[in-house]
1. Among the residues that make up region 14-21, is at least one of them assigned to a loop (DSSP other than H, G, I, E, B), out of contact with any helix residue (DSSP H, G or I) (no Cβ under 6 Å at 6 or more places or on another chain) and at positive phi?
2. Open to solvent by less than 60 Å² (accessible area, probe 1.4 Å), in contact with a Phe, Trp or Tyr (Cβ under 9 Å, 6 or more places away or on another chain) and in a helix (DSSP H, G or I): is that true of I51 in this structure?
3. Among the numbered criteria (1) loosely packed, with under 14 Cβ neighbours inside 10 Å; (2) assigned to a helix (DSSP H, G or I); (3) free of Cβ contacts under 8 Å to residues at least 40 places away in the same chain; (4) not acidic (D, E), which one does A72 miss?
4. I'm checking my understanding of the structure. Among residues of region 3-22 that are among the hydrophobic types (A, V, I, L, M, F, W, C) and under 14 Å from K66 (Cα atoms), which one is surrounded by the most Cβ atoms within 10 Å (Cβ to Cβ)?
5. Name the pairs whose Cβ atoms lie under 7 Å apart, with the first residue in region 12-39 and in contact (Cβ under 8 Å) with a residue 60 or more places away in the chain and closer than 23 Å to T55 by Cα, the second open to solvent by 50 Å² or more (accessible area, probe 1.4 Å) and among the acidic types (D, E), and 6 or more positions between them or separate chains?
6. Filter region 1-12 down to the residues that are of a type in the set (G, A, S), over 14 Å from M61 (Cα atoms) and either in contact with a Leu (Cβ under 8 Å, 6 or more places away or on another chain) or assigned to a loop (DSSP other than H, G, I, E, B) (or both) and list them by number.
7. Which one is surrounded by the most Cβ atoms within 10 Å (Cβ to Cβ), of the residues in region 23-47 that are over 11 Å from the mean Cα position of the chain (by Cα) and outside any loop (DSSP other than H, G, I, E, B)?
8. Restricting attention to region 54-69, and to residues there that are under 21 Å from Q20 (Cα atoms) and among the polar types (S, T, N, Q), which single residue is most open to solvent (accessible area, probe 1.4 Å)?
Amino acid sequence: MDNPTLIQAFATALALDASQITDELTYNSIPQWDSTAHMMLIAEIEAQFDIMLDTDDIIDMSSVAKAKQILAKYID
């Protein structure tokens, strides 16, 4: 599932270019994605998709690929 809205949420929250957002991008693999940015990312995803993520899903969201899996539970 390629989701431009999710990609943009990552780009906005992490202050990266959308072209840098790949499935392989993982939490703490770059300086921009630290614990503070993770919470900003969660807030951005929740706002973009008008959802409320479960705590377990917030903790499990360790990569872009994982975010796509988690998001599918909420928007399908």
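The values are calculated or read from the model by the stated rules, or taken from the named source; none is laboratory data. Fair warning: this is a prediction, and the values are worked out from it, not measured in the lab. Virtual Cβ from ideal backbone geometry, glycine too; neighbours counted across all protein chains shown. All accessible areas refer to the heavy atoms of the entire protein, side chains included, with ligands and DNA or RNA removed. Shrake-Rupley method; radii C 1.70, N 1.55, O 1.52, S 1.80 Å.
1. yes
2. Here the answer is no, as I51 does not meet what is asked.
3. Tallying (1) loosely packed, with under 14 Cβ neighbours inside 10 Å; (2) assigned to a helix (DSSP H, G or I); (3) free of Cβ contacts under 8 Å to residues at least 40 places away in the same chain; (4) not acidic (D, E), A72 fails exactly one: (3).
4. Across region 3-22, the extreme among qualifying residues is F10.
5. Final answer for the pair search is none.
6. Taking region 1-12 first, the residues of a type in the set (G, A, S) are 9, 11.
Subsequent filtering for residues that are over 14 Å from M61 (Cα atoms) retains 11.
Of everything in region 1-12, nothing turns out to be of a type in the set (G, A, S), over 14 Å from M61 (Cα atoms) and either in contact with a Leu (Cβ under 8 Å, 6 or more places away or on another chain) or assigned to a loop (DSSP other than H, G, I, E, B) (or both).
7. Residues of region 23-47 over 11 Å from the mean Cα position of the chain (by Cα): 24, 28-32, 34-36, 47.
If we keep only those that are outside any loop (DSSP other than H, G, I, E, B) as well, we get 35-36, 47.
On the way: S35: 8, T36: 8, A47: 11.
Here the answer is A47.
8. Q69
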